[in-house]
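A.B. asks: One structure follows; several queries about it will come next.
Laboratory data are not the source of any read-out in this text; all were calculated from the coordinates shown. Not measured: the values here are computed from a predicted model. Positions of Cβ are backbone-derived with ideal geometry, glycine not excepted, and every protein chain shown enters the neighbour counts.
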Amino acid sequence: MPAFGVKFWGVRGSIACPAPGYARYGGNTSCVELDLGGKPVILDAGTGIRGLGRQLLEHDIRTSTLLLTHVHWDHTNGFPFFQPVFSEACSMQIMAGGLQAIGGVREALAGQMAAPNFPVPLDALHAHLEFQDFLPGDKFALSAEIKVKTATLNHPDGATGYRVEFGGKALCYVTDTEHVPGQPDENVLSLIEGADLVIYDATYTDAELPAHVGWGHSTWQEGVRLCRQASVKQLAIFHHDPDHDDPFMDQLEADARQVWGDAFVAREGLCLEL
């Protein structure tokens with residue numbers, strides 16, 4: 001079977017936090033690279049995508065696919081610093097769900113890069129960019145070997161969860177989403193059923209959640225509950241709150257592992273093979 005590689009380039013939520021107290025877990029915002037038999041599929045374009053872009057060029061990888069959960073800043077503000085989009089030799093397929101009402105993913109990214117928000121407009125990028133919109137809940141194939149399922153997530157302005165299947169393995173990327181305590185999200189449960197790895201929005205703890213109702217995020221405890229119910233093999237705790245420094249995350253991981261030994265905290269630079 002071809003390898004299903006996973007690398008975390010950005011694991012932080014809401015805003016990047018480049019400071020000494022965040023060195024072990026990382027301060028870059030959401031970006032995960034999937035290496036699917038040599039084909040790179042990128043989940044979100046937070047600040048972590050900058051380092052990924054450099055690596056792709058170093059390895060002369062010129063084609064990639066970007067799957068966006070949504071277009072809030074922390075998931076897209078690395079895109080203008082992704083070096084391959086400035087090269088005529090590169091191409092990128094960019095996909096997102098539920099943005100048709102505002103003109104689609106192209107218009108959403110163009111708006112963020114338009115004056116006076118940013119000095120380099122989308123039209124100045126030299127790479128061949130292909131923009132594709134879909135409805136959350138749709139299924140599609142990126143190749144004969146790569147299948148993708150999607151689901152609607154509970155987040156302000158909407159968000160999309162992904163299930164990527166390749167080589168007999170399944171990874172689910174479920175961020176940003178807010179659960180209702182005591183009511184497991186059926187959309188999420190259906191998406192993650194039997195997955196090998198679920199990367200889940202654990203911005204808060206259960207104790208912190210009541211002060212952040214309506215902000216669109218979940219907890220590591222809910223991630224554990226969902227993964228156990230759906231017979232998931234491993235849980236990656238993700239989208240760390242910018243106020244959660246390294247000592248906080250150390251304690252969080254210890255607590256999570258005590259509750260469920262198959263849970264771990266995602267760290268910037270961590271590489272896995274499913």
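A.B. asks: Quick one: P(r) of segment 118-274 from all Cα-Cα pairs, 10 Å bins, percents rounded to integers, in order of increasing distance.
C.D. replies: Over segment 118-274, the share of Cα pairs per 10 Å bin runs 10, 37, 33, 16, 4, 0 percent.
A.B. asks: Okay, moving on. Give me the compactness ratio for segment 1-148, meaning the Cα radius of gyration over 2.2 N^0.38 Å.
C.D. replies: For segment 1-148, the normalised Cα radius of gyration is 1.03.
A.B. asks: Relative to the compact globular guide of 2.2 N^0.38 Å, what is the alpha carbon radius of gyration of segment 214-274, as a ratio?
C.D. replies: Rounded to two decimals, the normalised Rg is 1.13.
A.B. asks: Could you state the number of Å between the C-alpha centres of segment 27-60 and segment 95-140?
C.D. replies: If you average the Cα positions of each part, the centres end up 18 Å apart.
A.B. asks: Order by neighbour count: C90, C31, fewest other Cβ atoms within 10 Å first, most last.
C.D. replies: C90, C31
A.B. asks: If the label point is 7 Å along Cα→Cβ of F140, which residues in segment 53-94 have backbone nitrogen under 17 Å from it?
C.D. replies: 64-71, 91-94
A.B. asks: Right, here's the next one. Expressed in nm to one decimal, what extension gain is obtained for the pair I102 and S87 from 0.36 nm per residue of sequence separation less their Cα-Cα distance?
C.D. replies: 2.6 nm
A.B. asks: Give me the Kirkwood hydrodynamic radius of segment 53-92, using the inverse of the mean 1/r over all pairs of distinct Cα atoms, in Å to one decimal.
C.D. replies: 10.9 Å
A.B. asks: Taking just the C-alpha trace of the chain, give me its Rg and Dmax in Å.
C.D. replies: Every Cα atom of the chain included, Rg and Dmax give 17.5, 51 Å.
A.B. asks: When DSSP beta bridges are limited to those with both residues in segment 4-273, what percentage is antiparallel, rounded to the nearest 5?
C.D. replies: Values: 30 of 61 bridges.
Among the beta bridges of segment 4-273, antiparallel pairing accounts for roughly 50 percent.
A.B. asks: Quick one: order I94, I15, I199 by neighbouring beta-carbon count within 10 Å, fewest to most.
C.D. replies: I15, I94, I199
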